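A.B. asks: Handing you this structure, nothing more for now.
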Amino acid sequence: MKFDFKLSSSVLIASVKGFGDPISWLFVLIGFPIAWHLSKRNMEAIEITKIQYDSLIKVIIQINDVSYSFKGLIDSGNQLYDPISKMPVMFVSIRERVTDFPENVVVMAKNPEKFILGAEEVAPDWENRMRIIPYSVLGQENQLIIAIKPDKILIEKEDELYHVESGLVSFSIQQLSPDDAFQCIVHPKMLTSTRRAEVKHA
């Protein structure tokens, strides 16, 4: 009996060709894990975006009879309180609306250190509104921020308007969202200490 190498090679090549070119299989073996990894990352990004937009609400802040409306993100990670009054603190960016706010608010948002260190005087009608609050973030030591007590904070959810019983607002010119999806970070406690507003805001 003789072993036919030509016949064996032909059968082997035919078998391989029947399942596709070896180079094609190499691309499949390498490309599939890469595609799966990228798809997984995209799905995670979509899910994070969905969660983010599901947590967006309308926030209305009233100061001196003027109302300012923002898109707010409910952030369970925001646990900042005024240590004296125990009021929750909301962060608001006025980066794109500087001209809409009183000069005192703008100066506090741009250079809070001036007021904290006493280099800038506080207008008499703002003294009772202003609070200096200690806070800390990951990788940084304890710092101080300025928060304002507005006349009113309203939250709109599910087409109903609610009045926040107590809360402070810390204004900043820093952009809070890369795509400007929201302009303020809402303390979760503000949603639990609300009552329905008598008149819906226009």
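A.B. asks: Largest first, how would THR194, THR99 line up by accessible area (1.4 Å probe)?
C.D. replies: Values: THR194 40, THR99 135 Å².
My answer, sorted largest first, is THR99, THR194.
A.B. asks: Determine the gain in length on full extension of the stretch SER85-SER55; use 0.36 nm per residue of separation and subtract their C-alpha separation, reporting nm with one decimal. Each step should come with its number before you reach the end.
C.D. replies: Numbers: separation 30, 0.36 × 30 = 10.80 nm, distance 2.68 nm.
Here the segment from SER85 to SER55 would lengthen by 8.1 nm.
A.B. asks: Over the alpha-carbon set of the range 67-144, work out the extent along each principal axis and list the three values in angstrom, largest first.
C.D. replies: Principal-axis extents of the Cα atoms in the range 67-144, largest first: 31, 30, 25 Å.
A.B. asks: May I ask for the distance between the Cα centers of the range 109-172 and the range 88-105, given as a whole number of Å?
C.D. replies: So the separation of the two Cα centres works out to 10 Å.
A.B. asks: Longer than 28 Å from Cα to Cα, which of LYS114/LYS157; LYS86/LYS152; LYS110/LYS157; LYS58/LYS114 are they? Say none if no pair is.
C.D. replies: Checking Cα-Cα distances, LYS114/LYS157; LYS110/LYS157; LYS58/LYS114 exceed 28 Å.
A.B. asks: With every atom except the alpha carbons ignored, what do you get for Rg and Dmax of the range 55-97, in angstroms?
C.D. replies: Using the Cα atoms of the range 55-97, the pair Rg, Dmax is 12.1, 32 Å.
A.B. asks: Ok, one more. Using a 1.4 angstrom probe on the protein heavy atoms only, line up GLU160, GLU103 by accessible area, largest first.
C.D. replies: From most accessible down to least: GLU103, GLU160.
A.B. asks: Let me ask something else about it. Can you give me the solvent accessible area of MET130 with a 1.4 Å probe, rounded to the nearest 10 Å²?
C.D. replies: 40 Å²
A.B. asks: Here is a further query. Does the range 59-191 come out rounded, prolate or oblate by the C-alpha gyration tensor, with a ≥ b ≥ c the root eigenvalues, rounded set by a/c under 1.5 and, if not, prolate when a/b is larger than b/c and oblate if not?
C.D. replies: rounded
The values are calculated or read from the model by the stated rules, or taken from the named source; none is laboratory data. Quantities reported herein were computed from a predicted structural model and do not represent experimental measurements. Remember, those area values only see protein heavy atoms, side chains included, never the ligands or the DNA or RNA. Shrake-Rupley method; radii C 1.70, N 1.55, O 1.52, S 1.80 Å.
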